[in-house]
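Trainee: Shown below is the structure under consideration.
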Amino acid sequence: MDKNIMKKSLFASRSLHITAIFLVVISSLLAESASVLKGHVQDEKGSPLVGANVILKENYAGAAADVNGDFSIRTKPGDYTLEITFIGYGKFRERIKLKVGETLIKQVQLKISYFEIGGIVVVAEKELLPSEATTKTRISSGEIEHIQASSLSDVLKLVPGQRFDNPGLQDLKQATIRTSSVDAYTDRNAAFGTQVIVDNVPVSNNANMQIDSKVNTGGIQWTTENSGIDLRQIPADNIEEVEVIRGIPSAKYGDLSSGIIHVRTKSESVQQRFKYKYNLQNQELNVNGGFKIADQFFNYNANFAHSARDIRIKDYGYSRVSGQISHVAKLFKNLYAVDNRLYATRTFDEQGLREGDLYLTEKYNRDFIIRYNHQSRFILTPKQKLDVNYSVNLDRQNSYVKKLISSDNTYISNRMTEGTQEGQYFQSAVSKLWVKGKAWNQYFSAEYSGSINMWNVGHRLSAGISYRHEKNNGPGRIFDPNIPPSITSILRDRPRSYDGLPALKISSGYVEDQITGNFKIPIELSLGLRYEQYGSGNDAFPKNNGAFLNPRFNAILSPTENSQLRFGYGTTSKAPSLALLFLNPIYFDLDDINRFTGDSTSLVVVSTYLYNRENKNLKGFQQIKRELSYDQKIGKLGFTMTGYSNTTFGAFASTIVRPIFLYKYDYPYWPDLTGKTIRDSVYTTYTIDDNTQNTYTRGLEFSVQTNPFTPLNMKLRVEAAYNYTTGDRKGYEYSSTFLRDTLLNIDVKPFWNIINSRSENLLVNYKFEFTVKEIGAWITVEAQQVIFDKSWDVGLSDSIAVGYLAYNGETVHFSEAERMGDVSSAYKRIYPDYWKKSENQTNIWLFNLRVSKSLFRGSEISFFVNNIFNSHPLYRRQRTSAGTYSYTMLNPDLFFGVEISGIVDKLFGKEKW
């Protein structure tokens, strides 16, 4: 039997045995309960609220209302806080007392706390105190529609600390959480470590191999290898809710560092709805709906969106076509629930031929993503459930560049292996390069959860395992070796297939206990432990890329009913990507004989040397998170203050420098290789990534919000976010060329300590909302104030090299005494004074207006104006040489747009199919 199959079978057998024992123990503990709470939940019209969440806060004992609105909870006797919630309805909260052997019956009616504007759900009130220990932001579908978001990226502008930008799909969009932009490596790792989850399944970018595609030129980033996913691929109009976890996450989440963006798409709707958005650069059409058959919901969503980067240039923009179908059912008296979803997205990021372009440049980056998610939920007992998730995702990635390349009589070789052969001279040609990948991601998870009560302390226990298998078997890099995509370096390209690359495998497991009790004051604790291991190769559960044990802890202390203290500590870890583990090899083409005569007697003999840049044992990296918050509610006013500190160790940066030292030979009897003699030597270097990037962030977040008050049912929210980020790379910066050591009389390549960067900013968002149910209107006026946004470099005073690479490949390090002594000028790096200055943009204001208004039955119109006062303050850059004046214009352009939507059922007088 295959060893991998045996290992998988053994793992599955052990997991089943452990799970069975765990369930038996928990079931025996649950049998001790001696009191029963029964009840019925309905709306103001008397209709049952199916799925209403019922919970006893002290021990997390809970239930969901069934199809008749009824619920039943069996628990220990005692005093409890009964809390009943349902989306769009006000919360019910009441103190109750359960006596031994008693069955207490409660009839509860929830009041609607929302109204609709043509399908846009406007929530009247939000909780003023956070209900969970970790800091998170929840964004509803109504808020998403009100800002006319086109993608998930636009939605995230509602998260504190995000600098505002206009909606659209023109540029690549990625997310970072609680990190300011510092340098390329810090930014890349922060985006790579931000996990996006769609309908309980992680959306991974680990298998993206679009490296060296040549499309990322001209200041525009097109591909996302070694970084986070492109958020433009997720349409906003199909989102029911987004939860952004900024603090310490539950132990159920893994393979992340920065934070979590949890997206829940729409389902279980029977309304057919259309929406059209228009502004000068973006157009979007969305239709969605569903129908119900025998308590089973079938839903669909279709979306088309297009953004033009420059409306004056043809075929220069981004287009997205996406669709989703879903099936949700609750069977066997709600004891089994199944959720199947199929997603498909096609994106076109295009740049056509521009008039007057002498290089004849055309390029695109196209993706076709198809994903299937399955979730099964088994209700084992009223207090126990088992969730099983399976997903398979295929992303067919295709990058293309066509460009005229030219040089003054350089040479090329099409040799694919090491050796020597005649090359050919090259002057100019139109090169075509495709990079085609098939990124596969298969995911499986099983999670158990249940609640028990021991010694009047409630425990919500959960445990789970997950396994992810990611690979890329696409055609890879495709081009004619005789017309390479680049000829400006002797480090050359060759075609490469991705078929046969090892897969990345991530296996993990976790346990967690959420504890609720009253120890003089109400306390909620969350204690979790997660184990993750990353690896590539033939083993089923490899860990050559690292194994991490990540504890998580969160707590809420409630000294009074209207105040609470929250704090937490935990670690997270992130796996490396396939593109970091299996870099493209380097082909070093060396001209041994180079006699160009301009006629048939020209001869170039090229030796090809192959350098494998695989980095199979690169480890993942880890982040330590700390958080402390205080929340206070005073009447209709609530405020929160949160301090946090995150430290990232061992993230990825290109700091391993490997030398290449080669001889050029003369072959006097060519093509006979005998009798060769050395005629010259060549020395250069190349780099690969290592775990040498550390990042430290700390910050303070403050928010004040109100519930609606008169006049005009107004709500106020103020959010301030301060962040300080440092990026520290270990390693050295090398001279780009060889320099002459006049004391030793040799050519050297010096290297210095790395110059690192710092960033600090303070942003404040002010939001005034007016909702008038009687006329179906929702008006929002918001302002963003950048109090300061500062950046600077450190390490500029250390200007003496710490060593050098000799021409023969030898690495020499200086002692501190040698560095302080008399050294050659080749080792001195003098920085101009203006490099030591800071850039600091201060007191920048931006104002936006959004209006949503109902029209006739089931329809609405919305419009927005961003940067309504067209404010574009000029900022003079500080890091410029004396006598140079350089300015940049701040704030996005004045931007406006309109949308119209309607519910088809209501427009034509039908409430449901």
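The values are calculated or read from the model by the stated rules, or taken from the named source; none is laboratory data. The shown structure was predicted, so the numbers you read here are calculated from the model rather than taken from an experiment. All Cβ positions, glycine included, derive from the backbone under ideal geometry; neighbour counts span all protein chains shown. Surface accessibility is based on the protein's heavy atoms, side chains included, excluding ligands, DNA and RNA. Shrake-Rupley method; radii C 1.70, N 1.55, O 1.52, S 1.80 Å.
Trainee: On average, how much accessible surface per residue is there in region 823-913, in Å², for a 1.4 Å probe, leaving out ligands, DNA and RNA?
Mentor: Heavy-atom accessible area per residue stands at 59 Å².
Trainee: Run the simple label-point estimate for THR417 and TYR683 please: 7 Å along Cα→C-beta, distance reported in nm.
Mentor: Output for this residue pair reads 3.2 nm.
Trainee: Let me know the charge dipole size of region 635-694 about its Cα centre in debye, to the nearest 20, where only the beta-carbon of Lys, Arg (+1) and Asp, Glu (-1) is charged.
Mentor: That gives region 635-694 a dipole magnitude of about 240 debye.
Trainee: Rank these residues by their accessible area, most exposed first, probe 1.4 Å: MET820, MET454, MET209.
Mentor: On the way: MET820 140, MET454 50, MET209 0 Å².
My answer, sorted largest first, is MET820, MET454, MET209.
Trainee: By DSSP, what percent of the beta bridges with both residues in the chain are antiparallel, rounded to the nearest 5?
Mentor: Counting only bridges with both partners in the chain, antiparallel ones make up about 95 percent.
Trainee: Considering only protein heavy atoms, what is the solvent-accessible area of THR265 at a probe of 1.4 Å, reported in Å² to the nearest 10?
Mentor: Approximately 10 Å² of THR265 is accessible to the 1.4 Å probe.
Trainee: If you count only protein heavy atoms and use a 1.4 Å probe, how large is the accessible surface of THR710, to the nearest 10 Å²?
Mentor: The accessible area of THR710 comes to roughly 120 Å².
Trainee: Further, regarding this structure: Taking the 0 to 90 degree range and rounding to the nearest ten, how far is the long axis of helix 3-30 tilted relative to the main principal axis of the chain, both from C-alpha atoms?
Mentor: Helix 3-30 sits roughly 30 degrees off the main axis of the chain.
Trainee: Here is a follow-up. Based on alpha-carbon centroids, what's the gap between region 297-337 and region 63-77 in Å, whole number please?
Mentor: 36
Trainee: What are the ³J(HN,Hα) values, in whole Hz, obtained from phi via the Karplus relation 6.51 cos²θ - 1.76 cosθ + 1.60 with θ = phi - 60°, for each residue of region 100-114 in sequence order, with x given for Gly and Pro?
Mentor: 4, x, 8, 10, 9, 10, 10, 9, 10, 10, 9, 9, 4, 10, 9
Trainee: Could you list the residues of region 157-198 with an amide nitrogen less than 17 Å from a label point located 7 Å from the Cα of ARG698 in the Cα-to-C-beta direction?
Mentor: 178-180
Trainee: What translational D, rounded to a whole number of µm²/s, comes out for region 678-762 from Stokes-Einstein when the hydrodynamic radius is the Kirkwood one over Cα pairs, at 4 °C and 1.567 mPa s?
Mentor: For the chosen part, D equals 70 µm²/s.
Trainee: Quick one: what Rg and Dmax do you get for region 113-216 from the alpha carbons, in Å?
Mentor: Both quantities, over Cα of region 113-216: 16.8, 53 Å.
Trainee: Then there is this: Please identify the chymotrypsin sites (Phe, Trp or Tyr not before Pro) of region 343-386 that satisfy two criteria: DSSP loop assignment and at most 13 other Cβ atoms within 10 Å. Which are they?
Mentor: Passing both the DSSP loop test and the Cβ count: TYR359.
Trainee: Give me the lysines in straight-line cross-link reach of LYS432: C-alpha distance below 19 Å, same-chain residues under 8 apart excluded.
Mentor: Qualifying lysines at Cα under 19 Å: LYS214, LYS363, LYS402, LYS403.
Trainee: Per DSSP helix of 4 or more residues, -39500 (n - 2.57); summed, then divided by the residues of the chain. What does that give at 222 nm, rounded to the nearest 500?
Mentor: -2000 deg cm²/dmol
Trainee: Right, something else. If you roll a 1.4 angstrom probe over the protein chains with everything in place, what fraction of the accessible area of the chain belongs to carbon and sulfur, to the nearest %?
Mentor: 56
Trainee: Which FRET efficiency, nearest 0.05, do ILE370 and PHE291 yield, Cβ-Cβ r, R0 25 Å?
Mentor: Efficiency for this residue pair is about 0.60.
Trainee: Roughly how many Å² is the accessible area per residue of region 526-651, as a whole number, for a 1.4 Å probe?
Mentor: Details: 4700 Å² over 126 residues.
In whole numbers, region 526-651 has 37 Å² accessible per residue.
Trainee: Given a Förster distance of 35 angstrom, what is the FRET efficiency for PHE541 paired with ARG658, based on the Cβ-Cβ distance and rounded to 0.05?
Mentor: Rounded to the nearest 0.05, the efficiency is 0.70.
Trainee: Taking N as the number of residues in region 500-546, what is its alpha-carbon radius of gyration divided by 2.2 N^0.38 Å?
Mentor: 1.92
Trainee: When the Karplus curve 6.51 cos²θ - 1.76 cosθ + 1.60 is applied with θ = phi - 60°, which whole-Hz ³J(HN,Hα) does each residue of region 847-852 get, with x for Gly and Pro?
Mentor: 10, 10, 10, 9, 9, 10
Trainee: Keeping all protein chains in place and using 1.4 angstrom, which order do GLU102, GLU125 fall into by accessible surface area, from largest down?
Mentor: Sorted descending by solvent-accessible area, the residues read GLU125, GLU102.
Trainee: Gain in length, THR674 to THR597, computed as 0.36 nm per residue apart minus the alpha-carbon separation, to one decimal in nm?
Mentor: Full-extension gain reported as 25.2 nm.
Trainee: Which order, highest average first, do 413-420, 176-183, 636-643, 693-700 follow once you tally other Cβ atoms within 10 Å for each residue and take the mean per peptide?
Mentor: Numbers: 413-420: 15.9, 176-183: 23.1, 636-643: 17.4, 693-700: 20.9.
Per-residue mean Cβ counts within 10 Å order the peptides as 176-183, 693-700, 636-643, 413-420.
Trainee: Using label points projected 7 Å from each Cα along Cα→Cβ, tell me how many nm separate VAL718 and LEU331, to one decimal.
Mentor: Once both label points are built, they end up 5.5 nm from each other.
Trainee: Another question, then. Need the full-extension length gain, LYS432 to LEU855, defined as separation in residues times 0.36 nm minus the C-alpha distance. One decimal, nm.
Mentor: Working: separation 423, 0.36 × 423 = 152.28 nm, distance 5.25 nm.
My answer for the length gained is 147.0 nm.
Trainee: Suppose we keep just the alpha-carbon trace of region 33-114; what are its Rg and Dmax in angstrom?
Mentor: Every Cα atom of region 33-114 included, Rg and Dmax give 12.2, 39 Å.
Trainee: Taking 31 Å as the cut-off for C-alpha to C-alpha distance, list the pairs among LYS436/LYS749; LYS314/LYS906; LYS136/LYS173 that go past it.
Mentor: Values: LYS436/LYS749 37 Å; LYS314/LYS906 40 Å; LYS136/LYS173 21 Å.
Over 31 Å Cα-Cα: LYS436/LYS749; LYS314/LYS906.
Trainee: Per residue, how large is the accessible surface of region 33-114? Use a 1.4 angstrom probe and give square angstrom.
Mentor: So region 33-114 comes to 48 Å² accessible per residue, rounded to a whole number.
Trainee: Can I ask one more? Work out from phi, with θ = phi - 60° and the Karplus expression 6.51 cos²θ - 1.76 cosθ + 1.60, the ³J(HN,Hα) of each residue of region 174-186, listed in order in whole Hz, and give x for Gly and Pro.
Mentor: Once rounded to whole Hz, the list reads 9, 10, 10, 10, 6, 9, 8, 5, 10, 8, 4, 6, 4.
Trainee: Something else about it: May I ask you to work out the translational diffusion coefficient for the chain at 25 °C, viscosity 0.890 mPa s, via Stokes-Einstein with Rh from the Kirkwood sum over Cα pairs, reported in whole µm²/s?
Mentor: Using the Kirkwood radius from Cα pairs, D works out to 79 µm²/s.
Trainee: Still on this structure, please answer the following. For a distance above 23 Å, tell me the whole-number percent of Cα pairs in region 326-464 that qualify.
Mentor: For region 326-464, the share of Cα pairs beyond 23 Å comes to 65 percent.
Trainee: Related question: Quick one: compute the contact order of the chain, relative version, from alpha carbon pairs under 8 angstrom and 6+ residues apart, as a percent.
Mentor: 10
Trainee: Follow-up question, since we're still on this one. Net charge around GLN324, counting only other residues with Cβ within less than 10 Å of its Cβ (Lys, Arg = +1; Asp, Glu = -1)?
Mentor: Residues close to GLN324 contribute a combined charge of +2.
Trainee: Leaving out same-chain residues fewer than 8 places away, which lysines sit with a Cα under 21 Å from that of LYS619?
Mentor: The qualifying lysines are LYS471, LYS505, LYS543, LYS574, LYS730.
Trainee: With +1 on the Cβ of every Lys and Arg and -1 on the Cβ of every Asp and Glu, and nothing else charged, how large is the dipole of the chain about its Cα centre, in debye rounded to the nearest 20?
Mentor: 1820
Trainee: I want to check the label-to-label distance for ASN870 and THR381. Put each point 7 Å from Cα in the C-beta direction and report it in nm to one decimal.
Mentor: 6.9
Trainee: Let me understand region 620-754 better: what is its radius of gyration from the alpha carbons, and its Dmax, in angstrom?
Mentor: Final numbers for Rg and Dmax: 29.7, 97 Å.
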